[in-house]
């Protein structure tokens, strides 16, 4: 599995763990609803995922909601996972595209970054692109299991609080401490 596919892997694994039904393809996005949670996957290029989100929000007539985008965070080392609010200047193409649509729709949004680092030091744009598209090594695949445990903890908190996330830094500290992952 390529590093850049971590978001799709996490979504599929999370849905399986929660017992969600299979995603149903609806053009540029696929979705599955379980209770008050809707899982959505973009069927477009990752750097254009915002278009899929816009289509989903429009077609499905989604009102007030909290959107949590799961993505490959190359700035964070494995197996760390971090929940953050969106920044003005995102470096991840898929997040840039998505944040525009979340802001335009007026919904609350967060990003759940699953660490895929450490990234190459002082890498050129071409080297970074090649690295992000490269497959995980066997030991990194094992670290992904620890990442998934952290993802489950975050999702449990988000669901039990009905999307009222509060201070992301405090939540990150709680999950990191519970997972005994170095900051």
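Considering the conditions (1) in contact (Cβ under 8 Å) with a residue 40 or more places away in the chain; (2) under 19 Å from the mean Cα position of the chain (by Cα), residue 128 is excluded by exactly one of them, (2). Consider residue 44 carefully, then state whether it is more than 14 Å from the chain's Cα centre (by Cα), surrounded by 14 or more Cβ atoms within 10 Å (Cβ to Cβ) and in a helix (DSSP H, G or I). So residue 44 does not fit the description; no. Of all residues in the range 123-130, none satisfies being in contact with a strand residue (DSSP E or B) (Cβ under 9 Å, 6 or more places away or on another chain) and buried (at least 16 other Cβ atoms within 10 Å of the Cβ). For residue 15, the criteria (1) part of a helix (DSSP H, G or I); (2) within 18 Å of residue 162 (Cα to Cα); (3) touching a helix residue (DSSP H, G or I) at 6+ places or on another chain (Cβ under 7 Å) hold in every case but one, which is (3). Checking 61, 25, 55 one by one, the residue that is in a helix (DSSP H, G or I) and more than 30 Å from residue 122 (Cβ to Cβ) is 55 and no other. Scanning the range 64-86 for residues that are assigned to a loop (DSSP other than H, G, I, E, B) and touching a helix residue (DSSP H, G or I) at 6+ places or on another chain (Cβ under 8 Å) returns 78, 79, 80, 86.
Taken together, the values in this text are just the output of simple stated rules run on the coordinates, not laboratory data. No experiment lies behind these values; they were computed from the predicted model shown. Quick reminder, even Gly has a Cβ in these numbers, built from the backbone with ideal geometry, and neighbours come from all protein chains shown.
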